[in-house]
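Report on the following structure.
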Amino acid sequence: MRNKFRLTSLLLLTGALVALVGCTTTGSGSGGQGSPTGKTTVSLWGWGDEKEVEVFQNLLRNYNSTNEDNIYVNFVKKPSNSYYSVLETALTGRQAPDLFYLGDSMIKRFTAAGYVQELDQYIATSEIIDMDDIWSTLMKRYQFNPQTYQYGPTEHIWGLPKDIGPTVIFYNEDAFSAKGISVISAKDDDNDGVVKVNGTNYPAVGYNDELKVFNNKIAMTFEECDVLSALLSSGSTNARTHQTKWGFYSNWWFYAGWSVGGDVLHFKETDDPAYNGGYWEFTLDDTNPNYRALKDVTVHGKNYVKGQFIDYYSLAYLAANKSVADAHINAGELVKLPSMREVFDYWLTYFSGGLSPKPADISTELALFTSQDVAMFVEGRYVVPQFRSDAQFNWNVAPLPRHKDGVSAGHSGSMCLSMSVRSSVKEQAFKIIEYLCGPHGQDALAESGFNVPNQISLASDPTANFLNSTEKPQNNEIYLEAAAIQRGGDWTFLADDRWIEIWAPTLNGDVMNGVKTVDQLFSLYKDQVNAYLKQYTEKK
């Protein structure tokens, strides 16, 4: 679910993640400067904030002046608040750009509409793009079946990611210090439950309340996060003394629900000829316990390897056959976890219990952190440039909380560069994709602070711009761990987010403000959402 993902939040996220633009004379787009004589113009459309646009402009000025392919990139900024509507109009008309940015929330819609060129043939012969070096969590958004919207490693690739913006905890270190909390930074590399810092041994946990020690390398359990959040929730803000009104704020439930194997949707396969292989079901209120394999095991006829969650449709079997579930548990094969509904309810207690601001308390979301109203703030990498500018206190980043028997989880944002199926200069356009999505462009973009490079080797290179930055945050390795596991938000599951907009406004308003109950939410919308979901895979 995309809770609190209002239009303004979407524009903020996408505005921070991308810089796009376009026009051409000899390509398929229009609206900008012509190319120098003898060069092929490739048009590129999009938007971005001032700093990112400047980075793109410098990158493409360099490309235009140095490339030996006789290519000229026409880069024109489009308004963020109308970008997708303007782009769709252009793609259906005579002025389609050759290249354009698509957010991970929109790629499936534009692909299903037939606007996007698959890139397999170009990638197969590229000497620059190494698919094995791109985060697999990214490609699961851009390599999919446009009929079922499901990822598949043999499906067509519809775009190459420009970046990845994992979510982490941004924390106010001065607020921690004001409460007597020390911060250490140490991994439990030998997995013995102990970390050593400056000759002192500490328990290998995210937060130890007895010692008042926070470790920014280890994810807190939900219980540890609860205790720390309560300690930092003072009920009022005093920026001078670094006193925070609320301890913790997350706009999304993803880190909690996915940590135990739950989800908002599940795909139900069927032989019904009315559907393309199956249909989606709304499962945010599922009350069946989740289970995770502690060793390789067979459950309900399906084999699982150690660490895997039991699939959604086997959970109903285990719930109906408690003796079978208990036998697996007693044999040390499975661990029982909370249901999706239990974890969803848990996440909501932060708003009802005074540990997080309610929507009615918020005027500007990012200001919750920069004004020191909130001590721990969950957000993506894309807010780093603003926090560097506006947060006048010591801050850093740490992993998202997790269930003690679950896994670390969360979502990341991303934008890709896609090609118009109608472009008349596809070979040249792909060279621009190689330039911007390859090592040269990715290293330059990382310098701005808002993104993690799409290439694992580049992001992990201590001499490259991402890890070698002298600016905040210092704990950038956390982003590498997050990028490896985090996936797209629920807005990436289907062709669009209209199924979310049926129920999310009520959650983001009345439920989180305490006006309506969660039971009322599902009573009002569950049947409606399920009926709407079937439209996505119905055969036309």
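The values are calculated or read from the model by the stated rules, or taken from the named source; none is laboratory data. Values in this document were obtained by computation on a predicted structure and should not be read as measured data. Cβ: placed from backbone, ideal geometry, glycine included. Neighbour counts: every protein chain shown.
For S418, state whether it is of a type outside the set (A, V, I, L, M, F, W, C), in the same structural domain as I134 (by TED's automatic domain parsing), assigned to a loop (DSSP other than H, G, I, E, B) and closer than 17 Å to P161 by Cβ.
No; evaluated as a whole, the condition is false for this residue.
For residues that are within 19 Å of G307 (Cβ to Cβ) and touching a residue at least 24 places away in the same chain (Cβ under 8 Å), scanning just segment 330-339, find the one that is surrounded by the fewest Cβ atoms within 10 Å (Cβ to Cβ).
Looking at residues that are within 19 Å of G307 (Cβ to Cβ) and touching a residue at least 24 places away in the same chain (Cβ under 8 Å), I get G332.
Just checking, does segment 337-359 include any residue being in a loop (DSSP other than H, G, I, E, B) and over 30 Å from T244 (Cα atoms)?
Yes: segment 337-359 contains one or more residues that are in a loop (DSSP other than H, G, I, E, B) and over 30 Å from T244 (Cα atoms).
Please specify each residue of segment 138-162 satisfying the condition of being surrounded by fewer than 24 Cβ atoms within 10 Å (Cβ to Cβ) and of a type in the set (D, E, K, R).
K140, E155
If N81 passes every condition in (1) closer than 19 Å to M415 by Cα; (2) modelled with pLDDT under 95; (3) in a loop (DSSP other than H, G, I, E, B) but one, which one does it miss?
(3)
Name, by its number, the condition in (1) among the charged types (D, E, K, R); (2) touching a helix residue (DSSP H, G or I) at 6+ places or on another chain (Cβ under 9 Å); (3) surrounded by fewer than 19 Cβ atoms within 10 Å (Cβ to Cβ) that does not hold for K245.
Condition not satisfied by K245: (3).
Consider V305 carefully, then state whether it is of a type in the set (A, V, I, L, M), touching a residue at least 24 places away in the same chain (Cβ under 8 Å) and more than 30 Å from Y532 (Cβ to Cβ).
For V305, the condition - of a type in the set (A, V, I, L, M), touching a residue at least 24 places away in the same chain (Cβ under 8 Å) and more than 30 Å from Y532 (Cβ to Cβ) - is not met.
What's the number of the only condition in (1) touching a Phe, Trp or Tyr at 6+ places or on another chain (Cβ under 7 Å); (2) surrounded by fewer than 19 Cβ atoms within 10 Å (Cβ to Cβ); (3) among the β-branched types (V, I, T) that V374 fails to meet?
Answer for V374: the failing condition is (2).
Here are some conditions: (1) more than 23 Å from V168 (Cα to Cα); (2) in contact with a helix residue (DSSP H, G or I) (Cβ under 7 Å, 6 or more places away or on another chain); (3) polar (S, T, N, Q). S236 meets all but one. Which one does it not meet?
(2)
Taking the residues in segment 73-110 that are buried (at least 24 other Cβ atoms within 10 Å of the Cβ) and free of Cβ contacts under 8 Å to residues at least 60 places away in the same chain as candidates, determine which candidate is nearest to I157 (Cα to Cα).
The selected residue is L87.
Kindly indicate whether any position in segment 353-370 is touching a Ser or Thr at 6+ places or on another chain (Cβ under 9 Å), among the β-branched types (V, I, T) and surrounded by 12 or more Cβ atoms within 10 Å (Cβ to Cβ).
Yes: segment 353-370 contains one or more residues that are touching a Ser or Thr at 6+ places or on another chain (Cβ under 9 Å), among the β-branched types (V, I, T) and surrounded by 12 or more Cβ atoms within 10 Å (Cβ to Cβ).
Within segment 272-287, track down each residue that is under 18 Å from H403 (Cα atoms) and either surrounded by 20 or more Cβ atoms within 10 Å (Cβ to Cβ) or touching a strand residue (DSSP E or B) at 6+ places or on another chain (Cβ under 9 Å) (or both).
Once the filter is applied, which keeps residues that are under 18 Å from H403 (Cα atoms) and either surrounded by 20 or more Cβ atoms within 10 Å (Cβ to Cβ) or touching a strand residue (DSSP E or B) at 6+ places or on another chain (Cβ under 9 Å) (or both), segment 272-287 yields L284, D286.
Counting residues that are under 23 Å from the mean Cα position of the chain (by Cα), which helices (runs of 4 or more DSSP H) fully inside segment 425-540 reach at least 3?
The qualifying helices (runs of 4 or more DSSP H) are 426-437, 439-446, 456-460, 477-485, 498-501.
Just wondering, is there one or more residues in segment 189-208 that are farther than 22 Å from P473 by Cβ and of a type in the set (A, V, I, L, M)?
yes
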